[in-house]
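S.K.: Below you will find the structure I want to go over with you.
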Amino acid sequence: MSARVIEFPEQGIPGTLVRYTEGGGEPVELDACGPVALSSGSRLVYVLDATGAEGDEGDGEAFDTDALAAALARLPSDAFVVADLAGTTDAMVRAIAGQRALRTLVLAGDFTDEGVAALGGMPGLTDLVLESPRFTGAGLAALTGSETAASLDSLVLSEATAFRPEHLRALTEAPHLASLTFDGMPAGHDLAGAVLAHLPQLAEVSVAERPGHALDPAVLERLLAAGLCVNGISAPPENAALFAGAAAEAAMPSAAGQDDEDEDGEDDEEAPEERGVLRELVTEDELERLLAGPVPVLVGLTAPWCGPCAFLMPVLEDAVEARGAALTGVKADVDRAAWAQERFGVLGVPTVLLLREGREVFRFSGAATRRQVEGWLTTAGLPAGTGR
């Protein structure tokens, strides 16, 4: 039995419409035309590639973006919970801004600050991605004190080459903004200063490093020293300089002119086998007994369904094995040991922590290369070959 029906234009709108049910069930692709029935708990995701609109080159279907914007504006304000729009214009941004039930909004195109300024009425929006070479950030000022700013948890700025860091300060009063990501943008001290204005609520910063946009070690040190997790790694402020230096070394080519391994993992079709070097933790008491001893403990949080974990755990095994009695390695399956996530405040896997005398020395989240792991452990005073 349908809980509600959303009326789309009879002629339809371009793009892909997907219906899914929260809590389970396979997503179903639908035609975005005429009446669309939604059962209780079902939600709609709308994906559009308008890069080929109005005769422009691209993979998208040619259509009138103004007509699309008008059609979107006529939809009920709770039609979608996710919208991912490529080829976005200001008119399309203003139209999608009327979707007050959106939780995730991805906008890529040539929209301007005028369009972004219209996004203030989304009380459920937690994740916002903005990708436009014309966006300077001035439009963020219009979001100050808005419903959107009050709910926003994550902001991603991608290829925003005209962006001016000082405009980021307009969101400093967003109470839940915990994650900032910058992709394809210069990341200098001016951006670092704007980022640090978001403390204490900000927890994570990601910078996608590219040629010409590499993260300066001094900037990385500044962010780590403020207690932020940067590109998946965090360390006590007193160790910020050491770990910034280790990151810079890991980014340099090896003496042979190549990294020790393919960082993207593309050369390895199958994950290497684990060898049992990492002890399996089940109870928190087991961890406490290890932490009471004199040997540092490397903890890997993993899960059987986690692809990156399957590649990372053997890397950790090699690192632990190379240090003999100087390092103890353990792993915890978060499905069986839920206490580990709560204890360490971990939301995702893989996450790896080094603990010495019960204190956290450093942590990192996500995939990491063998070279990075070795560099971090060496920086922490545990070079390979110790304890043998």
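S.K.: Sort Glu209, Glu374, Glu114 from largest to smallest accessible area, using a 1.4 Å probe on the heavy atoms of the protein chains.
M.R.: So the residues, ranked largest to smallest area, are Glu114, Glu209, Glu374.
S.K.: Here's something else I'd like to know. If the viscosity is 1.306 mPa s and the temperature 10 °C, what Stokes-Einstein diffusion coefficient in µm²/s follows for the chain when Rh is the Kirkwood radius over Cα pairs?
M.R.: It diffuses with D of about 68 µm²/s by this estimate.
S.K.: When only C-alpha pairs under 8 Å and at least 6 residues apart count, what is the relative contact order of the chain, in percent?
M.R.: 8 percent
S.K.: Could you calculate the contour length gain from Gln201 to Arg359, that is, 0.36 nm times the residue separation minus the distance between their Cα atoms, to one decimal place in nm?
M.R.: Roughly 54.6 nm would be gained on extension.
S.K.: For the pair Glu284/Ala384, report the inter-label distance in nm, with labels modelled 7 Å from Cα in the Cβ direction.
M.R.: A separation of 3.6 nm, rounded to one decimal place.
S.K.: With every protein chain left in place and a probe of 1.4 Å, what is the accessible surface of Cys229, to the nearest 10 Å²?
M.R.: Rounded to the nearest 10, that gives 20 Å².
S.K.: Can you sort Glu221, Glu342 by solvent-accessible area, 1.4 Å probe, largest first?
M.R.: Sorted descending by solvent-accessible area, the residues read Glu342, Glu221.
S.K.: Given +1 on the Cβ of Lys and Arg, -1 on the Cβ of Asp and Glu, and no further charges, what dipole in debye does the chain carry about its Cα centre, rounded to the nearest 20?
M.R.: The calculation lands at about 1580 debye.
S.K.: Please find, in a Gaussian network model of the chain (springs between Cα atoms separated by less than 10 Å), the residue of Gly23, Gly121, Gly245 whose mean-square fluctuation is greatest.
M.R.: For the chain, modelled as a Gaussian network with Cα springs under 10 Å, the answer is Gly23.
S.K.: Which residue, Glu321, Glu26, Glu147, tops the fluctuation ranking in a GNM of the chain built on C-alpha contacts under 10 Å?
M.R.: Ranking Glu321, Glu26, Glu147 by mean-square fluctuation puts Glu26 first.
S.K.: With a 1.4 Å probe and every protein chain left in place, tell me how much accessible area Ser179 has, in Å² to the nearest 10.
M.R.: Its accessible surface works out to 20 Å², give or take rounding.
S.K.: Ratio of Rg to Rh for region 1-160, alpha carbon only, Kirkwood?
M.R.: Radius of gyration relative to Kirkwood radius: 0.96.
S.K.: In whole percent, and with a 1.4 Å probe on the protein chains, what portion of the accessible area of region 99-211 is carbon and sulfur?
M.R.: Heavy-atom surface of region 99-211 belonging to carbon and sulfur, 1.4 Å probe: 54 percent.
S.K.: Here's a follow-up. Just how much of Asp31 is accessible, in Å², when a 1.4 Å probe is used and the result is rounded to the nearest 10?
M.R.: 120 Å²
S.K.: Please identify which residues in region 355-388 have an amide N closer than 18 Å to a label point set 7 Å out from the Cα of Asp127, following the Cα→Cβ vector.
M.R.: Residues 365-367 qualify, since their backbone N sits under 18 Å from the label point.
S.K.: Which residue, Arg279, Arg289, Arg100, tops the fluctuation ranking in a GNM of the chain built on C-alpha contacts under 10 Å?
M.R.: Highest fluctuation among the options: Arg289.
The values are calculated or read from the model by the stated rules, or taken from the named source; none is laboratory data. Remember, it's a predicted structure, so these values are computed and weren't measured experimentally. In this analysis, Cβ positions are derived from the backbone assuming ideal geometry, glycine residues included, and neighbour counts consider all displayed protein chains. Note: areas computed on protein heavy atoms with side chains; ligands, DNA, RNA excluded. Shrake-Rupley method; radii C 1.70, N 1.55, O 1.52, S 1.80 Å.
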